[in-house]
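Below is one structure; the comments refer to it alone.
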Amino acid sequence: MKNNLKFSMLLLALISGLALATPVHASNEHKPVAAHPANDAQEVVRVMKKQFDQPQSPLKVAPVVVEADWALAGWLQDARGGRALLQKRHGQWVIVVCAGDGLREAQALVQTGMTAEMAAALVKKLVAAESRLPAATLKKFASFEGMLRVDGSAGHGAHGAHGAHGAHGAHGAHGAHGAHGAHGAAGAHQKP
C-alpha cells in the first residue's frame, strides 16, 4: 500500500508538471497583429508634416486613406493643395507621387506599381472620404497640375523633388508646401 501511495503521488506530480509546462494560448499575444489603419493614417500625416509643415505656412493633411502598404492623402497649404501617394517601405511611409486629380484614377496608381485591385480599392476609399469635403477643398486638391514622382528614396527626403514644384507654374508652390521651392534648391531644412 505504501508503494501504491508513492506511485500515485509520483504520477500526480508528473501530470501536474506536464500541465504546468504546456503553454496555454488563450490570447493572441504571440500572433503578429496587422497595423491599424488609424495608426497608419496618423503616421502618414506625421511624415508629411515633418517634411512640409512651416510655422508661417502650416500643412493640413486630410483625408488620409490606407490600403495595405499604400496611402493617399489630400493636403492644403496656404491657397494651394494637392494629393500625395505614399508607400510603406521597410516599415516607414514615404511619398512616392504628388499630383492633383490624377491620383483619383486607378490606372494612374497601377503605373506606380500597385495591383489593379489595390488601386481600385484605394480610389474607392479616397472618393468616399472626399465626398464629405467642401467643393473649395476639392478644387484646391485638383489645382496641383501634372504628376511629380517623388519616390521617397532620394537622399534629401522629398525636399529636393518638391523644390522642383517651383518650376510647375500654377502650383509653383507645392512649393506652397511652405517655401519648398527654396528648400529643394537651397538645401534648407536638410538634416545632417
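No lab work stands behind these numbers, since they all come straight from the coordinates. If you're wondering where the values come from, they're calculated on a predicted model, not measured in any experiment. Heads up, the Cβs are rebuilt from the backbone with ideal geometry, glycines too, and the neighbour counts pull from every protein chain shown.
When you go through Lys140, Lys88 one by one, which is the residue that is part of a strand (DSSP E or B) and under 19 Å from Lys49 (Cβ atoms)?
Lys88
Quick check on segment 91-112: of everything there that is in a loop (DSSP other than H, G, I, E, B) and not small (Gly, Ala, Ser), which residue is nearest to Leu138 (Cα to Cα)?
Out of the qualifying residues, it is Glu105.
Of all residues in segment 45-74, which are in contact with a Leu (Cβ under 6 Å, 6 or more places away or on another chain) and either among the hydrophobic types (A, V, I, L, M, F, W, C) or outside any strand (DSSP E or B) (or both)?
Lys49, Phe52, Asp53, Val65, Trp70, Ala71, Leu72
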